[in-house]
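Every number here is computed from the coordinates shown, using simple stated rules; none is lab data. If you're wondering where the values come from, they're calculated on a predicted model, not measured in any experiment. As a convention, Cβ positions derive from the backbone with ideal geometry for all residues, glycine included, and neighbour counts pool all protein chains shown.
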Amino acid sequence: QVQLVESGGGLVQPGGSLRLSCAASGNIQTIYGMSWYRQAPGKQREVIALIHNNGGSVVYLDSAKGRFTISRDNAKNTVYLQMNSLEPIDTAVYYCNADIVDKRSGAGHNYWGQGTQVTVSS
């Protein structure tokens, strides 16, 4: 069974930085795209950024451009989100998402992590 586990969230002051991690584990054959999403209270979940297994990436969220960087370590099956210059508006639950081929079945599925809370407040 494949799992995604996020870590690195917490409370940070405005202007601060956090680095989120999301590690995939289980019967993994291949991990294709890995993404970060977030969901603020009372709002819909929104995509932040995507990174392909060849390292190519795109930041979709306009407010994150220039502040957030997505990266991955394929050897560790892990995706990261470096967040700088954090603002109160960045307060949300952050989720990772990945397209993973299961080693046993050969079938591909989309997986979500359980989420990690990021709170930006003074």
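What is the local net charge at residue 70, summed over the other residues whose Cβ is closer than 13 Å to its Cβ (Lys, Arg +1; Asp, Glu -1)? It works out to a net charge of +4. Here's how it looks for residue 87: its modeled amide H is under 5 Å from those of 15, which are all 5 or more places away or on a different chain.
Neighbours of residue 30, meaning other residues whose beta-carbon lies under 10 angstrom from its beta-carbon, give a summed charge of -1 when Lys and Arg score +1 and Asp and Glu score -1.
Sort out for me the Cα centre separation of the range 68-122 from the range 1-44, rounded to whole Å. About 2 Å separates the Cα centre of the range 68-122 from the one of the range 1-44. Spin-label model, residue 58 to residue 1: label points 7 Å out along the Cα-to-beta-carbon direction sit 3.4 nm apart.
In terms of packing, defined here as the mean over residues of other Cβ atoms within 10 angstrom, the peptides 85-91, 56-62, 16-22 line up highest first as 16-22, 85-91, 56-62.
Under 5 Å from the amide H of residue 115 lie the amide H atoms of 6, 96, each residue being 5 or more positions distant or on a separate chain, with H modelled from the backbone and absent for Pro and chain starts. Between residue 103 and residue 71, the distance separating the two model label sites (each 7 Å from Cα on the Cα→Cβ line) works out to 2.7 nm. Our estimate of slack between residue 82 and residue 25, defined as 0.36 nm per intervening residue step minus the Cα-Cα distance, is 18.4 nm. For residue 76, a cut-off of 29 angstrom between C-alpha atoms picks up these lysines, skipping any fewer than 8 places away in its own chain: 65, 103.
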